[in-house]
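One structure is given here, and the rest of the page talks about it.
Read the figures in this text as sums done on the coordinates, not as results from a lab. Since this is a predicted model, take the numbers as computed values, not measurements. In this analysis, Cβ positions are derived from the backbone assuming ideal geometry, glycine residues included, and neighbour counts consider all displayed protein chains.
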Amino acid sequence: MELVVVESKAKAKTIQRYLGSDFIVMACNGHVQDLPNNKNNPDGRKAMWAASEDELPSPPWEWTERSKKVITEMRRRAKDAKVTEIHVATDPDREGEFIAWRLAELLGSIAKVNRIVFNEITKTAIKAALADPAGVDMQLVEAAKVRRFMDRLVGFRTSKFARSWGLKSMGRVQTPTLGFVVDKEIEREAFVPTPYFAVNAIAEGIEFGVRFHESADDDAWRDDKGKFNSRRTFDGELARLANDSLVNARVLTVSTSEQKQEKKRPRPPFTTDALLQTAGSSLNWTPAATMIVAGELYNVGHLTHMRTASTRTSGAARESMKEYIESTWGADHVGAGVMGPKAKGNVQDAHEAIRPTRTDVVEPEELSSRQSRLYKFIWARFAASQMTDSRYERISLTCTVDGFDRPLAGSIAWRVHTGWEAAFADITRKQPRTEPPTFDTSVGARLDFDDIDDNPELIEDETKPPRRFRQHTLVAEMKERGIGRPSTYATTISKLIDREYVKMTDGSLIPTDSGRLLWTEVATMYTETAEGNGAKVAFLFSAAFTSDMEERLDLVEAGERTGPSVWHGFVAHFKQLHGLALEQKRSRPTPNQVRKFLQVVSRRTEAEVSELLGGREIAELSGAEISSLIGQELEKGSPPATEKQTKYVLGLCEELEVDLKEALTKVKLEDIDALTMETASELITHLREIQDERPRPSSEKQLARIEKQAEKAELSEQEACALVELNAYDELTGGGGGTASGLITILLKRNNPGGRKGRRRRKR
């Protein structure tokens, strides 16, 4: 008997069907161990662990939620079945290799552990992987470790730093991505519109525009960035003269006519970023929703792995698709194949592009509507990449009008060979013209205006500010600037929204006040400047700095750099920039310091506070000075508890059903009005410890929501509870970290991959 370990239950079910009774296939449910995160554990509060220059840190890896139970059951089944070999088949990427390494460490005492990799969940691919086992790729593991260490160090230290401004977090990739959104908004605010006039007319279905200027003209129209447009003018009188001439004539005379052939090349198969962009623009899906649906299709064997930066595909898949193309559309539609550029310096190019596993299946059976829509795009994109160019004939016309000396330009095109566009015939709504014009387009021909409203049309308008990012266009920016990787695009953007640094309005990303504060004032402190001119030498959260770190991780993965060298180099640079940030922080009071100062002097008169400040305003003090004043006041005794602290104490007592007077005895008080900031903080800590230790039953509201979502998902009580490894609703626990909350999240994602927040936004 042999054991195969994969990441998801859906994938395990598919593979078990292929392998039969000689194998046990089990799911580890993602990461089984990771960096310690339990705040009750001293290691869970560490930002980094010491290590010699030629080694990586060796932190005590901590069990993820419910993973110890999963591994225990896996060991039991393996021993009971007398398993002789264990095949770890986690995802073929950096994260998958890290999981494989931890599984090999945890299961190695039971039987021999092999690492197998496949890019698609098909019987052929799985059998081939089993026949060619290997060991864990420690280069990939090192890259994964270093990334974790980097993210941990930056996340812990800078997030603590940011909390002085009341901000929730900062991150190595998260913060530069936020910068794109904030900088775009600042660019929009600074935008100065450029006015223009334009005149258009439609004749024989062709849209013509007046060509007012040539680029060499002194009065040629240009926007605020100097971009020339021949169909725009600053001269309103000239535009009105053109319009009047067209209104009077109602006919154009062809002065030049040129016909030529154009080709449209197919694009390469999908990479992760390209898929996210297409799903965003064509389906209006968020990156998170797209990755959920793509993952579902991968787990049941319909797609290759959905996290990849490669456009490469297997030769067998290409030949199979070409056979399908020839039998369906003819040999004249079979092309040489488009693969796109090799992924830049990135060993993720070793993995295939996203493609269907069966080229002859245009639409698998038993797919949900969302799965079907995404699959069709992926299938069509791969098919198109193996097809010929589509070809068009285009006639470009220049026309004149009586009474006006400037020409009008327009063109008409029609498709003469479908080529790769045949693959998108059922997806593309707008179909191109396929017949040549029947009217005369030769020099001297007269073209009558179409009888429609506003023809001709005089346009008076101004240029618009640059468009805000949408989620899929932000992915494109991240890809272009080298920020993040296929596995992190969606999660990074989701974090920015969840932490309320950006908000979604009509599909656009807009920075909140917190997001703007973080990027423009807090993040900028992590900057090293040149002596004398103040120019930036290094900025921790710049796209260039972050991209360079991503490329170094790729070099570790490729075996061209060692993990320790990259890690220790990063630590040295980070410590320098963090030190500079702390210096700046000490030079002025933070909002938290101001707030605390006002609290500790709340019993003093205005005159006493003014004397304490030496006649200065609070903003004129340095961070060190205000810290010293706070310390002086606290030495005289803790100030009264804040209103917020008092309310929190009362709320916790009510929630925990703890008698208030009994709780106050913990801090040796009898009356809540006697609470100070210090004793309130002590009491809150005590009450929260009780809260953490006490399992709470799920609330009626939680149960009602679970029942509703389970019914929608067509799950029984037992099936729904199995998603959180329980048997019945009465076993669920309440609170934000309870199993009831976890089950609600799972059911909501299952019923609506776009997420709860997406639904709330649509309702507003």
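Observations on the model:
- Inter-part distance, segment 409-450 to segment 53-95, computed on C-alpha centroids, equals 60 Å.
- Burial ordering of Leu140, Leu650, Leu276, fewest other beta-carbon atoms within 10 Å first: Leu650, Leu140, Leu276
- Pairs exceeding 23 Å between alpha-carbon atoms, taken from Lys68/Lys168; Lys39/Lys145; Lys701/Lys749: Lys68/Lys168.
- Against the chain, whose longest principal axis is taken from its Cα atoms, helix 563-586 shows a tilt of about 80°.
- Label-to-label distance for Phe191 and Ser622 is 4.3 nm, based on points extended 7 Å past Cα in the beta-carbon direction.
- In straight-distance terms, cross-link reach from Lys668 covers every one of the lysines whose alpha-carbon lies under 23 Å from its own, apart from those fewer than eight places away in the same chain; here that gives Lys636, Lys644, Lys647.
- FRET efficiency estimate (nearest 0.05) - Cβ-Cβ, Thr685 to Val594, R0 22 angstrom: 0.35
- Stretched out straight at 0.36 nm per residue, the stretch from Glu480 to Glu521 would grow longer than its current Cα-Cα span by 12.2 nm.
- Cβ-derived FRET efficiency at R0 25 Å, Lys263 paired with Lys227, nearest 0.05: 0.40
- In whole angstrom, segment 147-288 maps to an equivalent ellipsoid with semi-axes of 50, 24, 13, each derived as √(5λ) from the alpha carbon gyration tensor and ordered largest first.
- Extension gain for Lys708 to Ser314 (0.36 nm times residue separation, less C-alpha to C-alpha distance): 137.4 nm.
- Coordinate range along principal axes, alpha carbons of segment 2-136, Å, largest first: 46, 30, 25
- Segment 229-270 and segment 686-745 have Cα centres spaced 63 Å apart.
- The equivalent ellipsoid of the chain has semi-axes of 53, 41, 26 Å, largest first, where each one is the square root of 5 times an eigenvalue of the Cα gyration tensor.
- If R0 is 30 Å, the Cβ-Cβ spacing of Arg76 and Asn38 corresponds to a FRET efficiency of close to 0.75.
- Taking amide H positions as modeled 1.01 Å from N, with prolines and chain starts lacking one, the residues under 5 Å from Ala445 and 5 or more places away or on another chain are Val254.
- Modelled this way, with points 7 Å down the Cα-to-C-beta line, the labels at Glu678 and Val443 are 9.7 nm from one another.
- If you wrap segment 591-692 in the convex hull of its Cα atoms and look at it from every side, the mean projected area works out to 7.2 nm².
- Mean shadow area of segment 272-388, taken as a quarter of the surface of its Cα convex hull (nm²): 7.3 nm²
- Segment 97-219: radius of gyration over Cα atoms, expressed as a fraction of 2.2 N^0.38 Å: 2.11
- Fewest-first ranking of Val117, Val181, using other Cβ atoms within 10 Å as the exposure measure: Val117, Val181
- Contour excess over end-to-end distance, with Cα ends at Lys9 and Ser109 and 0.36 nm allotted per residue: 33.6 nm
- Going from the fewest other Cβ atoms within 10 Å to the most, the residues Thr546, Thr739, Thr84, Thr463 appear in the order Thr84, Thr463, Thr739, Thr546.
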